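Undergrad: Below you will find the structure I want to go over with you.
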Amino acid sequence: MPAKPRVAAEAGLDALTAELVRYYRAVGHGTVPAALLEAIGQRVGRALAERYTRDKPRMVEHLDVIKWTCKELWGEVFRKQVDSLRTNHRGTFVLKDNHFRWTRSISVDPGDLGAGAAATAATAAAAADHLHLPCAIIRGALQSLGVDCAVTADPSHLPAVDFTVVIAPPPTR
Amino acid sequence: MAAPILSLVIVGHEDHPIFEVDLGSRTAEPSTRDERAQYLHQFVLHASLDAVEEQLWTTPAMHLGTVDRFNNLQVSAYVTAAHIKFLLLHDGRSDDTIRSFFRDVYECYLRVIMNPFITPTTRITSALFQSKIRGAARNYFR
């Protein structure tokens, strides 16, 4: 029987993910061990994909899976949809989110900032740590749907974040 | 009256069987004759995986119906979007009952899969899951 959906404050999720990064930064003595965050994210992504595709028939095309990611997965996890999707039709997709919610609260100490370019570079560096988890969630979800891929994020134009999905080419015989 | 033949297998990623149960038997202790039958059922179910793989690429529907036959036994399959396969070995049941049964199994399976300690190869050993599946089988196939 369908259970009544329980809701939690988004601030709680923000605090949890920020604390994850801070904790693992301490564990790694100053640098964030990406592999740990990626393992967590992939596990979560796999489970989420199984749950959110409950009533959906199977998607045979890679493009359908990516479109589902842009709409439904993004809607559930990041509370909005992807703003633009580009592809080179050879297995690379760029998902652009103009206002990525998980990095909206990242700030850098103004005293360290110099000119405009240095400021964006510093914020981008701070944001890069926080993007391991979302990339891994996306990767886990795609892999669970049968799309073997690598996901990277580019935070150089905050608050917009570009996610690049590179689908592994099928093994040649 | 011969016991109804009814066997469910859930196959996860990379063809790992993560759950197997014989739903036809009324009691829990297998007799020697039943053990031989159980080996046969397991064999037929795993052999039908090839047929399931072929058919699942031809249609986006989740319920594939009867994918394979062996003597008087039929194998029905239901494949989720994440390519988890539910296989049911039976001796001729209505497609609609099987469809509803698979939906119930899928619901229970989703609850179990949310457990963060489960990996793609873990077998499902929860007694609650077993009892829910047996209850669903009793509802639909009695």
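Undergrad: Take the residues of the stretch A:34-67 that are in a helix (DSSP H, G or I) and farther than 14 Å from residue A:137 by Cα: which is least open to solvent (accessible area, probe 1.4 Å)?
TA: The residue in question is A:65.
Undergrad: Is there a residue in the stretch A:93-106 that is closer than 30 Å to residue B:61 by Cα and surrounded by fewer than 18 Cβ atoms within 10 Å (Cβ to Cβ)?
TA: yes
Undergrad: So, one more: So how many residues does the stretch A:68-81 have that are open to solvent by 60 Å² or more (accessible area, probe 1.4 Å) and within 12 Å of chain B (Cβ to nearest Cβ)?
TA: Qualifying residue count, the stretch A:68-81: 1.
Undergrad: Also, quick follow-up: Of the conditions (1) out of contact with any Leu (no Cβ under 8 Å at 6 or more places or on another chain); (2) loosely packed, with under 14 Cβ neighbours inside 10 Å, residue B:70 satisfies every one except a single condition; which number is it?
TA: (2)
The values are calculated or read from the model by the stated rules, or taken from the named source; none is laboratory data. Values in this document were obtained by computation on a predicted structure and should not be read as measured data. Here Cβ is always computed from backbone atoms with ideal geometry, including for glycine, and neighbour counts include all displayed protein chains. SASA here: full protein model, heavy atoms, side chains in, ligands and nucleic acids out. Shrake-Rupley method; radii C 1.70, N 1.55, O 1.52, S 1.80 Å.
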